[in-house]
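Engineer: Mind having a look at this structure? Questions to follow.
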Amino acid sequence: MVREREEDLWQALARAGEPVASEEDYEHGYSREVRQDLRRCLAFRVGDELYGLSIDVLSEITKPLPTTPVPRAADFVLGIGNVRGVVIPVVDLARRLRLSPRPVGPRSRVLIVRSENDYYGLLVDEVRDVVPIPPEVFEPPPGALAGGRASFIAALARVGNDIMVVLDLPSLLEPRDFVARAVGSRVRV
């Protein structure tokens with residue numbers, strides 16, 4: 001068991017691109033330079049895709065919470081929920097990203113995020129890890145991506161064998177999108 005944990009740590013360090021020093025290196029005066037420019041992102045899954053958000057916007061992670069539906073809200077708004085006395089809108093991120101929503105499962109979580117001084121809940125299928133990402137790994141979204149979903153993408157980053165889609169929170173949580181466009185029905189936005 002200890003051996004497995006040891007190997008996981010070495011693999012994690014290798015994935016992060018950090019140099020690993022041995023005892024011999026320390027005996028010979030090895031000094032490890034720590035990168036200060038790494039961007040830390042929370043990696044999570046929505047459907048089969050890997051997404052990320054800067055941890056700077058993350059307030060907390062919680063289990064799915066009860067919500068109250070809001071009349072005339074867009075179809076991706078699950079409703080409003082209460083987090084320690086603060087009422088926040090809760091968004092089904094799969095629907096917002098125009099993916100097929102999955103039923104809430106044991107690994108589902110709500111990310112409480114802050115955008116422009118307001119708090120929101122984002123329902124995701126699974127939270128993975130906080131990943132340090134060097135700035136040179138980020139790439140702009142390809143120009144071939146078109147449509148509404150493309151505006152939600154801030155960047156792409158390779159994380160291990162996966163491509164992580166880093167979301168642009170302000171465009172994802174654009175307030176005018178939260179109201180259904182047709183009166184009397186819940187219209188997809």
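FYI, it's all coordinate maths here, none of it is from the lab. All values derive from a computational prediction rather than experimental measurement. Cβ coordinates were reconstructed from backbone atoms using ideal geometry, including for glycine residues, and neighbour counts include every protein chain displayed.
Engineer: Kindly list the number of the only condition in (1) assigned to a strand (DSSP E or B); (2) in contact with a helix residue (DSSP H, G or I) (Cβ under 9 Å, 6 or more places away or on another chain); (3) surrounded by 15 or more Cβ atoms within 10 Å (Cβ to Cβ) that fails for D75.
Structural biologist: Among (1) assigned to a strand (DSSP E or B); (2) in contact with a helix residue (DSSP H, G or I) (Cβ under 9 Å, 6 or more places away or on another chain); (3) surrounded by 15 or more Cβ atoms within 10 Å (Cβ to Cβ), the lone unmet condition for D75 is (1).
Engineer: Turning to a different aspect of this structure: Would you point out the residue of segment 79-112, among those that are under 26 Å from S151 (Cβ atoms) and among the charged types (D, E, K, R), that is surrounded by the most Cβ atoms within 10 Å (Cβ to Cβ)?
Structural biologist: R96
Engineer: Residue by residue through segment 36-56, note down the ones that are surrounded by fewer than 16 Cβ atoms within 10 Å (Cβ to Cβ), farther than 19 Å from D92 by Cα and in contact (Cβ under 8 Å) with a residue 40 or more places away in the chain.
Structural biologist: Hits for segment 36-56 are D37, R40, I55.
Engineer: Would you say V130 is loosely packed, with under 15 Cβ neighbours inside 10 Å, under 18 Å from S59 (Cβ atoms) and in contact with a strand residue (DSSP E or B) (Cβ under 8 Å, 6 or more places away or on another chain)?
Structural biologist: Values: loosely packed, with under 15 Cβ neighbours inside 10 Å: yes; under 18 Å from S59 (Cβ atoms): yes; in contact with a strand residue (DSSP E or B) (Cβ under 8 Å, 6 or more places away or on another chain): yes.
When the stated conditions are applied, V130 passes them.
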